[in-house]
Amino acid sequence: MMNILLVDPGKRYLERSENVPKVYPHIGLAYIGTVLQEEGVAVRMFDEGVTTDRFRDVLVQYSPDMVGITAMTFNILDAYRVAKVTKELTEAAVVLGGAHPSALPEKTMEECPECDIIVRGEGEYAISQIAAGTDLPKIPGIVYRTSQISTSQITSTGVPAVIKSLDDLPFPDWSLFDYSKYCTIHSEKFSKRIHLHQVSGSRGCPYTCTFCYPLHGRNFRFRSPENIADEIEYNVNKGAVHFDFTDSTATLMEDRFIKMCSLLMERGLHEVITWNFETRVDLVSKALLETARKAGATMIFFGIESGDEDILKSMKKSIDLSVVERAVKTASNAGLKVKVSFLIGHAYETENSARNTFALAEKLRRTYGVDISLNLIDIYPGTHLYSMIEQGEGGARWISGKRNNWASYYRATPMVEFDGLSAARLEELFWEFKKSLNSLPKKGFYESLEESA
């Protein structure tokens, strides 16, 4: 039987300078691990952050045939360290996946000579084929070395495969992880501290926001409402009480979303769970939001990103500011807590446009008590925004030393500056806005987040 070690590297959960504790296990690894287990592969997870000594102990103890590592840009250097230690101590094949290797497969291979294979996009079926010994040229969506001597000997098998029927995937097996290591939060509904679980109701996004890398493609695919309700019920029977949906546009198909809510109520699940979801301000209605609240929803997240019409256009957000407050007000009136995201530092940003963003954020906080995630924008490889900065659109240019510096991805420090807005001034504005917003009361959900020990 093949032994596979799946690794979520690094201590940081988000692009922060401090170590933000992990809220829940990596759902992508959970899906891959579950698929592999069903095919008779022995799977072990390592998600403790790369303290080299501890990882070395696990490698020696488990002696894997393959080490699969997921990575985003902000923790790709941790992934490289995992790969290096793996090759030093074992003969295991090293497979990298996730957003960063998918966006830059050849560069990742160049920077990480220990990497044997990169799986681009969705990894469940490609990893299982690799584990089964399928000839690599026959597996779509991978990049691999044909020679360990020369980094130029790299072959790509083309476009990644897309899983068309998400209902065919097994429910993620959370018992693969030691959940005691993950954060807990105080639940108002249950008057106790609880763990958080994720559930993925769809994949793909039809929108083309400039700052987002479409790991799952633009083709929107969704699970049936029955399948989602079945998964939630399955996990409730194992003790889960709260679920965060990973979908960026959970309400893209309103009838499907309302059907899922109806099933949760029909099964009585709304009485024993809470759940949060994310969507766009132009994809909600009064009826939808009230139904979600009745079905146990606690919080809704909107990615608004800017309070300036010109910046929204440059972001290709395809939303009108006139619908923003209406959506927030309707959600708040339905009894949902509201969290919104704003980004500063996009191409074409000026001090005036940044202040417009702050003005909208401040209004929403004062009027509705919304929780606000305000960040300086990170520019990820593979995004349209990256190309915009490369071409100097809107007077934007990389700050010296930031371009392709994977260690510089922190949402509290700028990566670019502009002809009329220096990096120093951009950072001053960010902290000015942050301090002002933090002084205002909010109706948040995650305030009592603590590491579970």
Q.
What number do you get for the range 183-438 when its Cα radius of gyration is normalised by 2.2 N^0.38 Å, N = residues?
A. 1.07
**Q.** Likely footprinting exposure, Thr70, Thr34, fewest C-beta neighbours within 10 Å first
**A.** Thr34, Thr70
**Q.** Local electrostatic count, Gly444, Cβ distance below 13 Å [Lys/Arg +1, Asp/Glu -1]
**A.** +2
Q.
Using a 7 Å offset from the Cα along the Cα-to-Cβ direction at both Asp167 and Gln153, what is the distance between the two label points in nm, to one decimal?
A. 4.7
Q: Could you tally the net charge around Glu305, taking each other residue with its Cβ under 11 Å from the Cβ of Glu305, Lys/Arg +1 and Asp/Glu -1?
A: +2
Q. Which FRET efficiency, nearest 0.05, do Asn438 and Asp135 yield, Cβ-Cβ r, R0 45 Å?
A. 0.20
Q: Among DSSP beta bridges whose residues both lie in the range 92-220, state the antiparallel percentage, nearest 5.
A: 75
Q. Straight-line reach from Lys294: which lysines have Cα under 25 Å away, leaving out those fewer than 8 places along the same chain?
A. Lys189, Lys192, Lys238, Lys259, Lys286, Lys329, Lys337, Lys339, Lys442, Lys443
Q | Likely footprinting exposure, Arg145, Arg403, fewest C-beta neighbours within 10 Å first | A | Arg403, Arg145
**Q.** Cα Rg over Rh - the range 3-156, Kirkwood
**A.** 0.93
Q. Got a sec? Charge dipole of the chain, +1 on Cβ for Lys and Arg, -1 for Asp and Glu; which of Cys112, Trp431, Ser318 is way out at the positive end?
A. Trp431
Q. Where does the charge balance sit around Ser165 when Lys and Arg score +1, Asp and Glu -1, over other residues with C-beta under 14 Å from its C-beta?
A. -1
(Q) Nearest 5 percent is fine: what portion of the DSSP beta bridges confined to the chain is antiparallel? (A) 30
Q: Taking 7 Å along the Cα-to-C-beta vector as the label spot, tell me the Ser387-Ser180 distance in nanometres, rounded to one decimal.
A: 5.0
Q | Computed FRET value (nearest 0.05) for Thr367 with Glu266, which takes r as the C-beta separation and R₀ as 35 Å | A | 0.50
Q. Where does the Debye-calculated log10 I(q)/I(0) of the chain sit at q = 0.08, 0.09, 0.10, 0.13 Å⁻¹, using only Cα point scatterers of equal weight, no solvent?
A. -0.47, -0.61, -0.76, -1.32
Q) If you average over every viewing direction, what projected area does the convex hull of the Cα atoms of the range 93-145 give, in nm²? A) 3.2
Q) Taking 0.36 nm per intervening residue step and subtracting the Cα-Cα distance, what contour gain separates Asp53 from Trp398 on full extension? A) 120.6 nm
Q) Going by how many other beta carbons lie within 10 Å of each one, how would you line up Lys337, Lys192, fewest first? A) Lys192, Lys337
Q | Value in Å of the Kirkwood radius, where the range 194-317 supplies the Cα pairs that are averaged | A | 15.3
(Q) Modelling each spin label as a point 7 Å along the Cα-to-Cβ direction, I'd like the Arg326/Asn237 distance in nm, to one decimal. (A) 4.4
Q: Would you mind estimating how fast the range 303-453 diffuses translationally, via Stokes-Einstein at 25 °C and 0.890 mPa s with the Kirkwood radius over Cα pairs, in µm²/s?
A: 151
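FYI, it's all coordinate maths here, none of it is from the lab. Predicted model only: the values in this text are computed from it and were never measured. Note: ideal-geometry Cβ built from the backbone for every residue, glycine included; neighbour counts use all protein chains shown.
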